[in-house]
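Data first, discussion second: the structure below is written as structure tokens.
Read-outs throughout are calculated quantities, based only on the coordinates presented, and are distinct from any laboratory measurement. Note that the coordinates shown come from a computational prediction; the quantities given were computed from them, not determined experimentally. All Cβ positions, even for glycine, are placed from backbone atoms using ideal geometry, and neighbour counts span all protein chains on display.
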Amino acid sequence: MALFSKRLEHAVRPLEVADSLILADLHAEDFARPWSDAEFESLLSQTTVFGFAVLPLGKRPGAPTGFVLARQAADEGEILTIAVSRSQRRQGLGRQLMDAVLRKLHADRAAALFLEVEENNAPAIALYRRLGFHQVGGRPDYYRDAKGARSGALVMRRDLR
Ligand SMILES: CC(C)(COP(=O)(O)OP(=O)(O)OC[C@H]1O[C@@H](n2cnc3c(N)ncnc32)[C@H](O)[C@@H]1OP(=O)(O)O)[C@@H](O)C(=O)NCCC(=O)NCCS
């Protein structure tokens, strides 16, 4: 069943393979190793992978300004990536996207949602803490930025039961 919800002036809808190009563009705004549209296509073709796009109402449909991609296996979910366009941040869109993932996992009776986040990514860590995630582990030297500098990852978990 298609999920389509509206909050404030934005709509959230499930991701489709046809979104791959715009997802690659949004991803490239922030990540040192951007994922290509082919990589998004391949991920979205997997039955365990799902996600949501957020679109401003009033804009032409098909122009997401943020998205989240997740994987579900057995009774656990994992956030693969999330990004909101720079000009659209701090309007609650990241939270709406994460809420959509949490709703789906609740509906599927999943037990927990996991993610990894770069230890210096204060905006993302603040968002996840606000949503009830807590740190359950760490991976030293997990990420490398465009200049080759290394940083660690926090592993975070949100209980769903
Ligand atoms: C992380 C990200 C998705 C958040 O998206 P967003 O739409 O700006 O987040 P929201 O507006 O829904 O914020 C929800 C809450 O998260 C926290 N938060 C978000 N951005 C924050 C920031 N820059 N500083 C402090 N807290 C922040 C706040 O508690 C905020 O609530 P508030 O605005 O009422 O204070 C966005 O910053 C982004 O795309 N970053 C680049 C990609 C990235 O780092 N992804 C995460 C990889 S693990």
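Remarks
- Once C-alpha pairs closer than 8 Å and six or more residues apart are averaged by separation and normalised to the residue number of segment 10-159, the relative contact order reads 18 percent.
- The residues neighbouring Tyr143, those whose beta-carbon lies less than 11 Å from its own, together hold a net charge of -1 under the Lys/Arg +1, Asp/Glu -1 convention.
- Global form of segment 74-161, assessed from the alpha-carbon gyration tensor, a/c cut-off 1.5: oblate
- If the chain linking Arg130 and Ala107 were pulled fully straight, counting 0.36 nm for each residue of separation and taking away their Cα-Cα distance, it would gain 6.2 nm.
- Amide H contacts of Gly138: Val155, each under 5 Å away and 5 or more positions distant or on a separate chain (H built 1.01 Å from N in the peptide plane; Pro and chain starts excluded).
- Label positions at Glu39 and Arg150, each projected 7 Å from the Cα along the C-beta direction, are separated by 2.0 nm.
- Taking only the Cα atoms of segment 10-159, the ratio Rg/Rh comes out at 0.94, with Rh defined as the Kirkwood radius.
- Taking amide H as placed 1.01 Å from N in the peptide plane, the amide H of Ala11 sits under 5 Å from that of Leu55, Leu57, each at least 5 places away or on another chain.
- Scalar couplings 3J(HN,Hα) for segment 109-120, obtained by applying the Karplus form with A = 6.51, B = -1.76, C = 1.60 to θ = phi - 60°, are 6, 5, 8, 7, 10, 10, 7, 10, 9, 4, 4, 9 Hz; x denotes Gly and Pro.
- With contributions of -39500 (n - 2.57) from each DSSP H run of at least four residues, the per-residue ellipticity at 222 nm computed over the chain stands at -7500 deg cm²/dmol.
- Cut-off 10 Å between beta-carbons: net charge of the residues surrounding Ala153, Lys and Arg +1, Asp and Glu -1: -3
- Residues with amide H under 5 Å from that of Leu80, placed H, sequence gap 5 or more: Leu69, Ala70, Arg71
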